[in-house]
Amino acid sequence: MSSRKSKSNNLIHAELLSQVQRVLRERFCHQSPHSNLFGVQVQYKHLIELLKRTAIHGESNSVLIIGPRGSGKTTLINHALKELMEIEEVSENVLQVHLNGLLQINDNIALKEITRQLNLENVVGDKVFGSFAENLSFLLEALKKGDRSSSCPVIFILDEFDLFAHHKNQTLLYNLFDISQSAQTPLAVIGLTCRLDILELLEKRVKSRFSHRQIHLMNSFGFPQYLKIFKEQLSLPAEFPDKLFTEKWNESIQCLTEDRSVREVLQKHFNVSKNLRSLHMLLMLALNRVTTSHPFMTVADMMEAHQFCSMDSKANIVHGLSVLEICLIIAMKHLNDIYEEEPFNFQMVYNEFQKFVQRKAHSVYNFEKPVVMKAFEHLQQLELIRPMERTSVNTQREYQLMKLLLDNTQIMNALQKYPNCPTDVRQWATSSLSWL
């Protein structure tokens, strides 16, 4: 009986934890509209006022939201649209069009996407238009129900806005900004970009039709605010079904926030990158370690997640190399030491490797030159070395100049962890000059 009871308790516990993980993962992946905004209240107020003027008063507007990746541009616009759609008179009337410069790589694809999102495929049918402008104006005409006051407001959100500036003649941007300047369909054009020089990319005729409104997001919060964000992002909401578990979970998060080791980890993370995306990545990794036998997050989880985040990807690649490839990297390291970071070619590396083989013939197999060449090319494919200039037809592969993309510290750290590394190879790496 007791074993059946404990089994059912475990099931309840597992369900609870899966709910916790779902709630927090949605928050970390920006899928939850209930997550809070941090340090951008002024910008949010500016944006929501602008959207309300379009949605309620039929006033056309254009604005650019500029900030580095992970600064919360998409979160800001999603929050603003959510609040806007909660207004009853707006939700039934406003239309949204979301475009992305990475997906809509030219104006024709963008136009098809606009038609699809506005549900106008049946209106367009088989009609053929002369130009892009006629096509676009027809689409917007289809939304009109009379004069400006009774037209349906449309909000265009252009993600990766700078990529739209590379489209031929910037026709889409020109027409959108042109409509937003005239007394036609109420239109709000919102561009999201991480380029500060975005206005320099716009043509003169496009620039003259843009309102020059800009909202900058720069992650201007300090470390105390960062700690507060950490705590808020991990805390469970009050409406979580199990109140007792919520209380225990939030208490454990409070203890984590006050722990010195966790603060040190967060300080390191904050010093490297203030953006919340990297914080969410750290928290996601720590959250993955929560199980029924380990129901609360601990300091060890945070330490391990930080270690995983700050792992050197290039050093990890070195762990998977063959002994021959390791020997070639050590030969390159010595050449860098001798010639003070001057570029090298395959022949120089091969000669260096041969010197080592002759001295330590008993521990390292003397590979044929084509085999060594193959290993050298594999290092180039892994981008551990790169050519100094573009390969020309006339240049022999053996004499093409290369540069090593690993520094000495990375090489030595990787060798320490390299499984079954021959002692002679390790000693050769630590010797200051190759002929010693």
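When only the Cβ of Lys, Arg, Asp and Glu is charged (+1, +1, -1, -1), the dipole of the chain relative to its Cα centre reaches about 560 debye.
The angle between the Cα long axis of helix 346-359 and the longest principal axis of the Cα atoms of the chain comes to about 40 degrees, rounded to the nearest 10. Shown in residue order for segment 372-388 are the 3J(HN,Hα) couplings computed by the Karplus curve 6.51 cos²θ - 1.76 cosθ + 1.60 at θ = phi - 60°: 5, 4, 4, 5, 4, 5, 5, 4, 5, 5, 7, 6, 8, 10, 9, x, 6 Hz (x for Gly and Pro). Using a probe of 1.4 angstrom and keeping all protein chains present, the accessible surface of segment 294-385 works out to 50 square angstrom per residue.
Rounded, prolate or oblate, given the Cα gyration tensor of segment 40-216, with a/c below 1.5 counting as rounded?
Here segment 40-216 falls in the oblate category.
Over the chain, what number does the Rg to Rh ratio reach, with both radii from the alpha-carbon atoms and Rh per Kirkwood? Present the calculation step by step, with values, prior to reporting the outcome.
Working: Rg = 29.7 Å, Rh = 27.0 Å.
Result for the chain is an Rg/Rh of 1.10.
Against the longest principal axis of the chain, how steep is helix 107-117, in degrees 0 to 90 to the nearest 10, with axes from Cα atoms? The helix 107-117 is inclined about 60 degrees to the chain. For segment 40-216, the number of Lys pairs with C-alpha atoms closer than 23 Å, counting only pairs eight or more positions apart or on separate chains, is 16. Spin-label model, residue 417/residue 341: points 7 Å from Cα along the beta carbon direction are separated by 2.5 nm.
Spin-label pair residue 373-residue 232: with each label point 7 Å from Cα along the Cα-Cβ axis, the two points sit 6.2 nm from one another. Placing +1 on the Cβ of every Lys and Arg and -1 on the Cβ of every Asp and Glu, with nothing else charged, gives segment 188-304 a dipole about its Cα centre of roughly 760 debye.
Taking amide H as placed 1.01 Å from N in the peptide plane, residue 402 has its amide H under 5 Å from the amide H of 344, 345, 388, each at least 5 places away in sequence or on another chain.
Kindly provide the helix-only [θ] at 222 nm of the chain, computed as the sum of -39,500 (n - 2.57) over DSSP H runs of four or more divided by all residues, to the nearest 500 deg cm²/dmol? It would help to have the intermediate numbers written out before the result.
Details: 22 runs with 242 residues, N = 436.
Theoretical 222 nm ellipticity from helices: -17000 deg cm²/dmol.
Place +1 on the Cβ of every Lys and Arg and -1 on the Cβ of every Asp and Glu in segment 238-370, take the dipole about the Cα centre, and give the residue among 331, 309, 292 whose Cα lies farthest towards its positive end. Value computed over the given set: 331. Per residue, segment 40-216 exposes 47 Å² of solvent-accessible protein surface, assessed with a 1.4 angstrom probe and all protein chains in place.
The values are calculated or read from the model by the stated rules, or taken from the named source; none is laboratory data. Remember, it's a predicted structure, so these values are computed and weren't measured experimentally. Glycine also receives a Cβ, built like all others from the backbone with ideal geometry; neighbour counts cover every protein chain displayed. Note: areas computed on protein heavy atoms with side chains; ligands, DNA, RNA excluded. Shrake-Rupley method; radii C 1.70, N 1.55, O 1.52, S 1.80 Å.
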